[in-house]
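Report on the structure given below.
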Amino acid sequence: MTGMEEFHNGSEGAFNSEEADNIVKECIESVVGGDDYSQSQVNKWTASIVERCLTQLVKSWKPYKYIVTCAVMQKTGAGLHTANSCYWDTAMDGSCTVRWENRTMNCVVSVFAVAIA
């Protein structure tokens, strides 16, 4: 994962960040795929990416509360910086951040998973 950090705990039943990473990439590809950046489509794309990610994540694992964020930005040469911090149970909870791009846009999706006690 280039330039992005992720939390991964290998214990049984813990959040699987590698699987989440794959789910997010598939969701982004299915929504924007090879499309060029279009300001009029950004709201639809971000909503669809978040909804698809949530749907797939809920199907995949044990009970978690999920938070999914998505940012889509046109490639213009400007920088895009993101950061997050979490205070939680590191044995079960986790997160991953996926950076995806094509020739006209960047997309950054973060997933936060908090185990339901």
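Please pick out the residue among Lys44, Lys65 that is loosely packed, with under 13 Cβ neighbours inside 10 Å and under 18 Å from Ile23 (Cα atoms).
Answer to the check: Lys65.
Within the range 38-56, can one find any residue that is part of a loop (DSSP other than H, G, I, E, B), more than 16 Å from Cys27 (Cα to Cα) and modelled with pLDDT under 95?
Checked against the condition, which is being part of a loop (DSSP other than H, G, I, E, B), more than 16 Å from Cys27 (Cα to Cα) and modelled with pLDDT under 95, the range 38-56 yields no hits at all.
Which of the following residues is outside any helix (DSSP H, G or I) and open to solvent by less than 50 Å² (accessible area, probe 1.4 Å): Asn106, Asn84? Before you say what the answer is, go through the steps one by one.
Numbers: Asn84 fails: open to solvent by less than 50 Å² (accessible area, probe 1.4 Å).
The unique qualifying residue is Asn106.
For Thr90, the conditions (1) assigned to a loop (DSSP other than H, G, I, E, B); (2) touching a helix residue (DSSP H, G or I) at 6+ places or on another chain (Cβ under 9 Å) are fulfilled apart from (2). Glu19 falls short of the stated requirement of being surrounded by 13 or more Cβ atoms within 10 Å (Cβ to Cβ), at pLDDT 95 or above and under 13 Å from the mean Cα position of the chain (by Cα). Taking the range 23-47, which residues are out of contact with any strand residue (DSSP E or B) (no Cβ under 9 Å at 6 or more places or on another chain) and farther than 11 Å from Val72 by Cβ? Glu26, Ser30, Gly33, Gly34, Ser40 - these are the residues of the range 23-47 that are out of contact with any strand residue (DSSP E or B) (no Cβ under 9 Å at 6 or more places or on another chain) and farther than 11 Å from Val72 by Cβ.
The values are calculated or read from the model by the stated rules, or taken from the named source; none is laboratory data. Here the structure is a predicted model, which means the values were calculated and not measured. Note that we place each Cβ from the backbone using ideal geometry, even for glycine, and neighbour counts take in every protein chain shown. Note: areas computed on protein heavy atoms with side chains; ligands, DNA, RNA excluded. Shrake-Rupley method; radii C 1.70, N 1.55, O 1.52, S 1.80 Å.
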